[in-house]
1. Given the condition surrounded by fewer than 19 Cβ atoms within 10 Å (Cβ to Cβ) and among the hydroxyl-bearing types (Ser, Thr, Tyr), answer yes or no: does some residue in region 5-12 qualify?
2. Suppose we filter 16, 22, 33, 9 for residues that are without any contact (Cβ under 8 Å) to a residue 60 or more places away in the chain, among the small types (Gly, Ala, Ser) and under 23 Å from residue 188 (Cα atoms); which single one remains?
3. Being more than 14 Å from the chain's Cα centre (by Cα) and open to solvent by less than 40 Å² (accessible area, probe 1.4 Å) narrows it down to one residue among 84, 111; which is it?
4. Here are the criteria: (1) in contact with a Cys (Cβ under 9 Å, 6 or more places away or on another chain); (2) buried (at least 23 other Cβ atoms within 10 Å of the Cβ); (3) within 21 Å of residue 167 (Cβ to Cβ). Tell me which single one residue 21 does not satisfy.
5. Failed condition for residue 70, given (1) closer than 23 Å to residue 174 by Cα; (2) surrounded by 15 or more Cβ atoms within 10 Å (Cβ to Cβ), with all others met?
6. Working only within region 184-198, note down all residues that are in contact with a Lys or Arg (Cβ under 9 Å, 6 or more places away or on another chain) and either part of a strand (DSSP E or B) or β-branched (Val, Ile, Thr) (or both).
7. Consider residue 223 carefully, then state whether it is farther than 22 Å from residue 19 by Cα and modelled with pLDDT of 90 or more.
Amino acid sequence: MEKRWSLQGMTALVTGGTKGIGYAVVDELAALGAIVHTCARNQEQLNERIREWNEKGFKVTGSVCDVSSDAEREKLMEEVSSRFDGKLNILVNNAGTNIYKATLDYTAEDFTSLMNTNLQSAFHLSQLAHPLLKASGAGKIVFMSSITSVVSINTQYPLYSASKGAMNQLTRNLACEWAKDNIRVNAVAPWFIRTPLTTPSLDDENILKEVFNRTPMKRVGEPGEVSSVVAFLCLPAPGFLTGQVICIDGGMSVNGFSMG
């Protein structure tokens, strides 16, 4: 019974693991017994986080990587393959970004940059990880999508939403195509979570009030409330669960009109 609810000895790669949701995911997987490799763009921050995790007794290593670069993604996966003897149980495609602009203000460069970082990186890393995930005999991929892929957010999210909507469809396609290789593929779609990325928005009283109005649970989420669902998807227990996009949103996406 315990093995179904443990990640003991399993290997994991989590991209963008030094802050926000990514940090919480690394923390959660390592606490459940996984051996985790993570990456970030900032070497100093990476070293600091790894020191923290090692002090907790967690097995975490890391390397500097800009996931928007083809060459750096390939180098990252080579390191992971070498470190984990050609086998990987878990890939969490977490790294992502947004460029906050109205639709008419986006440039071609903005489009390329955002799609590379959010969508192409997750697609390419999944391709590169496939032989390692297959070799493990029980692979899991979790994509970090967003509630903006499910509902429309009025301003400054058109390209971000498009990249995450494409990610949801990629989740479904890979789940069906790679089921024969014993690889399960799912995505989580968070609403406002208290992270460094959302801090500027949550510091705005009008935005915060609107978030509360739209969310039945009347609050924002915490990183640990996302990482726990990611960890669940990586456990052996939900072995028949694949191809799903799970909204972690305090009820926001299913909230209709209030009658008062």
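The values are calculated or read from the model by the stated rules, or taken from the named source; none is laboratory data. None of the values given here were measured: they were computed from a predicted structure. Cβ placement follows ideal geometry from the backbone for every residue including glycine, while neighbour counts extend to all protein chains displayed. The protein model used for the area step is the full one, side chains on, heavy atoms only, and it has no ligands, DNA or RNA in it. Shrake-Rupley method; radii C 1.70, N 1.55, O 1.52, S 1.80 Å.
1. Here is the first cut: in region 5-12, the residues surrounded by fewer than 19 Cβ atoms within 10 Å (Cβ to Cβ) are 5-6, 8-9.
From what is left, the residues that are among the hydroxyl-bearing types (Ser, Thr, Tyr) are 6.
Yes.
2. On the way: 16 fails: without any contact (Cβ under 8 Å) to a residue 60 or more places away in the chain; 22 fails: without any contact (Cβ under 8 Å) to a residue 60 or more places away in the chain; 9 fails: under 23 Å from residue 188 (Cα atoms).
None of the other options fit; the residue is 33.
3. On the way: 111 fails: open to solvent by less than 40 Å² (accessible area, probe 1.4 Å).
After applying the criteria, what remains is 84.
4. Answer for residue 21: the failing condition is (1).
5. Going through (1) closer than 23 Å to residue 174 by Cα; (2) surrounded by 15 or more Cβ atoms within 10 Å (Cβ to Cβ) one by one, residue 70 breaks only (2).
6. Scanning region 184-198 gives 184, 185, 186, 187, 189, 195.
7. Numbers: farther than 22 Å from residue 19 by Cα: no; modelled with pLDDT of 90 or more: yes.
Here the answer is no, as residue 223 does not meet what is asked.
Yes/no per residue for (1) open to solvent by less than 50 Å² (accessible area, probe 1.4 Å); (2) part of a loop (DSSP other than H, G, I, E, B); (3) free of Cβ contacts under 8 Å to residues at least 40 places away in the same chain:
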{"residue": "224", "(1), (2), (3)": "yes, no, no"}
{"residue": "227", "(1), (2), (3)": "yes, no, no"}
{"residue": "237", "(1), (2), (3)": "yes, yes, no"}
{"residue": "240", "(1), (2), (3)": "no, yes, yes"}
{"residue": "250", "(1), (2), (3)": "yes, yes, no"}
{"residue": "257", "(1), (2), (3)": "no, yes, yes"}
